[in-house]
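Take a look at the structure below.
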C-alpha cells in the first residue's frame, strides 16, 4: 500500500479515513492536534491513541517534514531558507524579524508563469505547483516557528494560480484543529487572478494584497501581462462588491519605477481608481534584476509619492526593504537558472 503525507490533510479528510476504518469519531481531531499543534513527528508520539490505531496510521501515512537544506542571513537579520520539494526542485521562504512582529514570507509555487517584467521569479518560469503539505512545511520546519506572529503569501509564485492547495493550507493554518493562527495575521498577495481571488474572498477572512504597479491599462499590460486577462478595473469592481468585515484589510502594492509610474498623473489616477474603497497603498522599492531597463526611485521620491497620495485621501505607506543583500527582498526570489 502506498502511503500518503498526513501533513496537509484537512480535518474533513481525516474524518473520512476514521469513518472508513470504523474508528471512534473523536480520533480524527486527536490526530490533527498531534500533527499540527503538538508537532508530533512519529505516530508513536500520539500516546492518547491506541497502539492498534497508531499502527494503522503508520501503514497509511507518512510524517515527513523536510528541514531547510540551506539558509542565508542578511545584515538586517532577515533569513532566507531553501526547501526541497517532492519533484526535486527548490523553493525559498523568507523569515523577517522585527521588534513587534516576526513574519514568514511563504512560497506557493515553484517559480511562476505570470511574466511580470520586474520579478526574478517570473524569469524562472513555472516549474511546478506546491502541495498544501509543502506550503505548510515552510512553516512547520522553520527553525523560528515558535516565534512567528505573521504570515504573508508573497514569496515565489502566484497563490491564485494554485488556489486549491493554497486554500487547503489556509484552512489548516487558521483552524482550531490546525495551527490556529488568526486570519488577521495572514496576508495573501495576488496580481489579480479573478477566479481564485473570488474563492479566497468567499472562503477565508485573511487579508488581501493586490499588485497594482500602474493604474493605466496599457502601461500595466507592459509591466504585468495579467492586465490583458483581468484588468485592474475589474479586480477593484469585485472588491467594491465584496462584503468585507471591518477587520479585514485590503492593500495595494505599488513598486515605484523611475520615470515610468511615478508622475502626478499616476497619483491622480490611483486616487480616482481607489476612491471610496477602504484600503491602503504600500509603496515599494524596486530591486533591480538582470537584463531589465527598469530603474528604482530614491527614498525621497517614495516619500514624496506617499505624501501626495495621502493628500488625495489615500492611506499610503512606504514599505521598508529587507534582505536585499541575500536576494531575499520582494521580487528577487528564484531558484532556477536565470538568463539575461
Open item on the list: Mean-square fluctuation check for the chain, GNM, Cα pairs under 10 Å: which of 94, 281, 260 is largest?
Closed with: 260
Open item on the list: Which three extents, in angstrom, do the Cα atoms of the range 222-340 have along their principal axes, listed largest first?
Closed with: 42, 32, 28
- [ ] Using only the Cα atoms of the range 62-141, construct the convex hull and provide its projected area averaged over every direction, in square nanometres to one decimal.
- [x] 6.3 nm²
Task: Helix-only CD estimate at 222 nm, as mean residue ellipticity for the chain, using -39500 (n - 2.57) per DSSP H run (n ≥ 4) - done: -9000 deg cm²/dmol
Task: Span per principal axis, largest first, for the Cα atoms of the range 167-221 (Å) - done: 46, 20, 13
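By its C-alpha gyration tensor, with a ≥ b ≥ c as the square roots of the eigenvalues, how is the range 4-62 shaped: rounded for a/c under 1.5, else prolate for a/b larger than b/c, else oblate?
It comes out rounded by the Cα gyration axes.
Relative contact order, percent, of the chain when contacts are C-alpha pairs under 8 Å separated by at least 6 residues? Before the final figure, lay out each step's value.
Details: 619 pairs, mean separation 55.1, N = 340.
Dividing the mean separation by the residue count of the chain yields 16 percent.
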Task: Hydrodynamic radius (Kirkwood) for the range 171-266, which is based on Cα pairs only, to one decimal in Å - done: 14.7 Å
TODO: Please list 50-59, 174-183 highest first by mean number of surrounding beta-carbon atoms within 10 Å per residue.
DONE: 174-183, 50-59
Open item on the list: For the range 188-340, give me the percentage of DSSP beta bridges that are antiparallel, rounded to the nearest 5 percent.
Closed with: 5 percent
Task: Tilt relative to the chain, helix 27-36 - C-alpha long axis, 0 to 90 degrees, to 10 - done: 50 degrees
Open item on the list: For the chain, give me the percentage of DSSP beta bridges that are antiparallel, rounded to the nearest 5 percent.
Closed with: 45 percent
Task: Contour minus Cα-Cα distance for residue 269 and residue 55 (0.36 nm per residue) - done: 70.8 nm
TODO: Over all alpha-carbon pairs in the range 1-151, figure out the percentage whose distance exceeds 29 Å.
DONE: 29 percent
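Where a number appears in this text, it was derived from the coordinates with a stated rule and is not lab data. Remember, it's a predicted structure, so these values are computed and weren't measured experimentally. Cβ sites come from the backbone with ideal geometry, for glycine too, and all protein chains shown count toward neighbours.
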